[in-house]
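Here is the structure we will look at.
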Amino acid sequence: MMAIQMASLGFSPLLPAIQQDLGASYSQIGLFTGMYGIIALLVSLPAGVFAARIGEKRALLIGLAVTAAGLAALSQATRYDVALAFRALWLIGYRTAFIGVFTAMAMVTPEQYRSRTMGILGAMAAFASVIGAPFGTRVAVWLGWRGGIQGYAAITLLGAIVFGLLYHRQRSQSPGVAGPPGTSPHGASMTRAGAVSALRNPIIWSMILLGLINMGGFSVTFFVPYAVKSVFGMGAQDAASIISASYLVSIPLNLGFGYLCDRYSRWNLMIWLAVLLVPASFAVMSRDLLVFRIAVALIVSLGHAATNQIYAIGSSLLPKEEVGKGMGIVGLGSGIFGYLGPQMLGYLRDATGGFTAGWVFVACAAVLALGDLLILRRYSLKRRALYPEEIQVA
């Protein structure tokens, strides 16, 4: 996760240099970043099925190899259309590896520690983003943005080697029934007989809409370099500092939120997190630099922590053989809104000449995420009452 996240979010301070070198518009850069969503939408479910068929370890290693190849090819691109194609290759590998990571975590983690371990995973991913942005900008000072992208490719290959050597799973481990039988802190007995197929579980499919909760965080990450340049007159290293600080906040937040989600209702805690996200999303429109920094940190860290717990909830509802598919379905949400967010911010920036309209769009997404959580929690409680034989742990 650290290897792929260093590049995925860490490369954003290089975007202004990439845009200038390739002669791209803001809308084109919006597509360049928002393509993450398109690829995630197309690849997430196939990646989950792929991991279920050949095993999460092989799927993840293949994903890492394709990621490195895409990054290396992107560093040689001289035209926008060619760069877009290699960005797509990078993201196909990234999304395959991303789903593989969550599947692997679910496979080896007992249910009673699921949220905590997903929180640890999120903290490590946030740490990767903290060091990823400065890493890319420092290398770019010496070798240009192309050298920074090549550095990310090398890190990805290193991650593949480490994972290949250290990851092993006992075939008896099963996330749906891990640990001693009994009742989880979220309410229901975790028995294999109550398992429901991922493709037939309405809660799993409805969780796609929860991708809204991190749309703001993903969008803000990629457009902070442009916002600080146009509003505050700051450069790429200043933008990298703001992004890194935001993910630094995300590290303890992921750990603490994951711990709480193992002890109390995940739905209730997610709702409270979304409540905090709404004012933070409006505050990002401030022209006060300190308020802007705090708002960006909250949007990024809250959305990031919530995303990891979405996967924890999804994996906890499914038996071992369905986890890969379930992670793929849940990942569709980040695909849809990961595309929509940056694309709309780029479009609104071109249309209005400023970022205010884009920030309003981000704030509205936070409000919709809160509403979706309230509805989903109510539906989950009703379904638990109607179908007590199902695994219900959220």
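Expressed as a fraction of 2.2 N^0.38 Å, the C-alpha radius of gyration for the stretch 192-318 is 1.21. A crude spin-label estimate for the pair Leu166 and Val108, with each label 7 Å from Cα along the Cβ direction, gives 0.9 nm.
Probing with 1.4 Å while keeping every protein chain in the model, the per residue accessible area of the chain equals 38 Å². Between the alpha-carbon centres of the stretch 97-169 and the stretch 63-77 there is a gap of 15 Å. Sparse packing (at most 15 other Cβ atoms within 10 Å of the Cβ) combined with a DSSP loop state is found for the following trypsin sites (Lys or Arg not before Pro) in the stretch 59-105: Arg79. Restricting the trypsin sites (Lys or Arg not before Pro) of the stretch 246-289 to loop positions (DSSP other than H, G, I, E, B) with no more than 10 neighbouring Cβ atoms within 10 Å leaves Arg287.
Scalar couplings 3J(HN,Hα) for the stretch 354-359, obtained by applying the Karplus form with A = 6.51, B = -1.76, C = 1.60 to θ = phi - 60°, are x, 9, 4, 4, x, 5 Hz; x denotes Gly and Pro. Shown in residue order for the stretch 5-16 are the 3J(HN,Hα) couplings computed by the Karplus curve 6.51 cos²θ - 1.76 cosθ + 1.60 at θ = phi - 60°: 6, 4, 7, 4, 9, x, 7, 4, x, 7, 4, x Hz (x for Gly and Pro). Placing Met118, Met105, Met35 in order of accessible area, with the largest value first and a 1.4 Å probe, yields Met105, Met35, Met118. Taking every alpha-carbon pair under 8 Å whose residues sit at least 6 apart, the chain reaches a relative contact order of 30 percent. Of the peptides 218-224, 370-376, the ranking by mean beta-carbon count within 10 Å, highest at the top, reads 218-224, 370-376.
Take each peptide in 289-300, 267-278, count the other Cβ atoms within 10 Å of every residue, and average; sorted highest first, the result is 289-300, 267-278. How large a share of the accessible area of the stretch 215-339, in percent, is made up of carbon and sulfur atoms when the probe is 1.4 Å and the other protein chains stay in place? Looking at the stretch 215-339 in its full context, I get 68 percent from C and S.
With all protein chains in place and a 1.4 Å probe, the accessible surface of the stretch 113-163 carries 78 percent carbon and sulfur.
The values are calculated or read from the model by the stated rules, or taken from the named source; none is laboratory data. In this text the structure is predicted, and so the values were computed from the model without any measurement. So basically every Cβ, Gly included, is an ideal-geometry build from the backbone, and we count neighbours across all protein chains shown. Note: accessible area is taken over every heavy atom of the protein model, side chains too, but ligands, DNA and RNA are not part of it. Shrake-Rupley method; radii C 1.70, N 1.55, O 1.52, S 1.80 Å.
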